[in-house]
Amino acid sequence: MVSVAFQGESGTYSEEALLAFFEARGMRNTEPLACTSFEEVVERVERGEAHYAFLPIENTMEGTVDEAADVILASDLFIVGEMRFKIDHCLIGHPGATLGSIKVAYSLPYALRQSRDFLRARGIEMRPSTDTAAAVREVKSRGNLMEAAVASAKAAQLHGMHVVQASIQARENNSTRFVALSKTEYKRNPARKEQSLTSLSFGVRNVPGALHDVLGEFAKRGLNLTKVESRPKPERPWSYDFQVDVEGHREDAAIAETLAALIPKVSSIKVMGSYPTWESVTAKPKA
């Protein structure tokens, strides 16, 4: 049995995504472990209470999940895999509730923002909850037909509630990228032709052209950066680290040479993991 810590409770998108993630790797005996915060998710792995942590890190509509990104960077865990999971928000009410009878919707703030065009157009007030599945459970417990939740169809089924309207998100291609983390780095199998990503964080010196100089090391070796983002340093106001995803594995010659070339050019550097892309996993899942 593989235990996986996630934030939220049963019925959240995180739980659905992690089950799909590990099933794609042939690991069907997966035990999801619900946690109240992103910090707890990581801590349970660090304490040996779970094999993996599973966290959302960015969304096509909302961008980076800041809290999760900061928790990952502060931890000693390694990213060992990613997945992209389509988010289909439903307006969930009590059996017998109609779209016209609903006046208030509860959910995670991210989910409410992704669905606000639909909700505002119908005069439905938005109120935050701790997560999507919790919102369904809380609405059910109060028994008020004027209240609803924004969550997945699975959450509605789990709590015996009614999907009043499906697919209420503003964009059909609304997806969230999740990552799995472990105490040990991912070891690629040379016999498998996996496409890889390497995630790293670095700080640059406070001199003109410092960032350009660093990014140039990737460019001169023909490496493609799929993500570049600045993150504030809490301990140093108005100072920033940069997080990048680069195509390839840290054992590849081009990336290994780049990492070596960066050392004298940066103030700090951390490789958060090299791991298979979701496309390569879904194309050739492990047995």
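The values are calculated or read from the model by the stated rules, or taken from the named source; none is laboratory data. As the structure is a computational prediction, the values presented were derived from the model and not from experiment. Cβ sites come from the backbone with ideal geometry, for glycine too, and all protein chains shown count toward neighbours. Areas reflect the complete protein model, heavy atoms only, side chains present, ligands, DNA and RNA absent. Shrake-Rupley method; radii C 1.70, N 1.55, O 1.52, S 1.80 Å.
Structure data summary
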item	result
Set V281, V244: member being modelled with pLDDT of 95 or more and either hydroxyl-bearing (S, T, Y) or under 22 Å from L181 (Cβ atoms) (or both)	V244
Sole exception among (1) open to solvent by 70 Å² or more (accessible area, probe 1.4 Å); (2) in contact with a Leu (Cβ under 8 Å, 6 or more places away or on another chain); (3) of a type in the set (A, V, I, L, M) for L91, by number	(1)
Selected residue (criterion: farthest from G123 (Cα to Cα)) from residues of region 142-180 that are in contact with a Lys or Arg (Cβ under 9 Å, 6 or more places away or on another chain) and open to solvent by less than 10 Å² (accessible area, probe 1.4 Å)	F178
Any hit, region 45-64, residues being basic (K, R), at pLDDT 95 or above and touching a Cys at 6+ places or on another chain (Cβ under 9 Å)	no
Qualifying positions in region 101-122 - open to solvent by 60 Å² or more (accessible area, probe 1.4 Å) and over 26 Å from F38 (Cβ atoms)	K103, D117, R120, A121, R122
Checking S129 against (1) touching a residue at least 60 places away in the same chain (Cβ under 8 Å); (2) crowded, with 20+ Cβ neighbours inside 10 Å, the condition it does not meet	(1)
Any chance N189 is polar (S, T, N, Q), at negative phi and in contact (Cβ under 8 Å) with a residue 24 or more places away in the chain	no
Residues (without any contact (Cβ under 8 Å) to a residue 24 or more places away in the chain and closer than 24 Å to A170 by Cβ) located in region 23-64	G63
Whichever residue in region 132-141 is over 21 Å from E67 (Cβ atoms) and not β-branched (V, I, T) and, among such residues, is surrounded by the fewest Cβ atoms within 10 Å (Cβ to Cβ)	S141
Residue pairs meeting the criteria (Cβ under 6 Å; at least 6 apart or on separate chains; first more than 15 Å from E147 (Cα to Cα), in region 108-123; second outside any helix (DSSP H, G or I) and open to solvent by 80 Å² or more (accessible area, probe 1.4 Å))	P109/P128
Among residues of region 1-58, those that are more than 21 Å from A111 (Cα to Cα), touching a strand residue (DSSP E or B) at 6+ places or on another chain (Cβ under 8 Å) and not hydrophobic (A, V, I, L, M, F, W, C), counted	12
